[in-house]
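One structure below.
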Amino acid sequence: MAQVEATTERVVAADAEKVFDALADYSGTRAKLLPEHFSEYEVREGGDGEGTLVHWKLQATSKRVRDCLLEVSEPTDGELVEKDRNSTMVTTWRVTPAGEGNSRVVVHTTWKGAGGIGGFFEKTFAPKGLGRIYDAVLAKLATEVEK
């Protein structure tokens, strides 16, 4: 099994604290940021950053739906880590200042991919697809925090 990685980033015209707070607000703002690829969104514990347990289904392609149950931690300032209890998927969100009144948001996802020819295609195409999905999330985040 090969490690599969996808990274997407965006500079947002809002300060880092405001951006981070929006991302960490699983019981409010986060649901508004999710494009049509996400369904069955439900906060099961917590709702604000560290200690949150959140569920959703992620439909990456017409045939591929991932049932995610994510534990959220905040290992360092400006960082949210979502570990999926149902798979090896880990998504890390990092928010850092990027000049006055701006922030850089980087979302990085890793998981252990399939072996063989299926793994080759997964490693080749899945990062691009996930990148498009997270581009949409980051665009909605920018719209939300730049108000």
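The values are calculated or read from the model by the stated rules, or taken from the named source; none is laboratory data. Being a predicted model, the structure only gives us computed values, none of them experimental. Reconstructed Cβ throughout: ideal geometry from the backbone, glycine too, with neighbour counts over all protein chains shown.
Data overview
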| quantity | calculated |
| --- | --- |
| Which numbered condition Lys63 misses (of (1) modelled with pLDDT under 95; (2) under 22 Å from Ala139 (Cβ atoms)) | (2) |
| Per-region count, segment 40-91, residues assigned to a strand (DSSP E or B) and touching a residue at least 40 places away in the same chain (Cβ under 8 Å) | 3 |
| Complete set of residues in segment 1-44 that are more than 12 Å from the chain's Cα centre (by Cα), among the aliphatic types (A, V, I, L, M) and modelled with pLDDT of 95 or more | Val11, Val12, Ala13, Ala14, Ala16, Val19, Ala22, Val43 |
| Only one of Arg132, Arg85, Arg94 that is of a type in the set (Lys, Arg), farther than 19 Å from Lys57 by Cα and either in contact with a strand residue (DSSP E or B) (Cβ under 9 Å, 6 or more places away or on another chain) or at pLDDT 95 or above (or both) | Arg94 |
| One residue from Leu58, Leu33, Leu80 being surrounded by 13 or more Cβ atoms within 10 Å (Cβ to Cβ), on the phi < 0 side of the Ramachandran plot and out of contact with any helix residue (DSSP H, G or I) (no Cβ under 7 Å at 6 or more places or on another chain) | Leu58 |
| Among (1) under 24 Å from Asn102 (Cβ atoms); (2) touching a residue at least 40 places away in the same chain (Cβ under 8 Å), the one test that His37 misses | (1) |
| Lone qualifier among Thr91, Thr52, Thr96 - being surrounded by 13 or more Cβ atoms within 10 Å (Cβ to Cβ) and either farther than 18 Å from Glu9 by Cα or in contact with a Cys (Cβ under 8 Å, 6 or more places away or on another chain) (or both) | Thr52 |
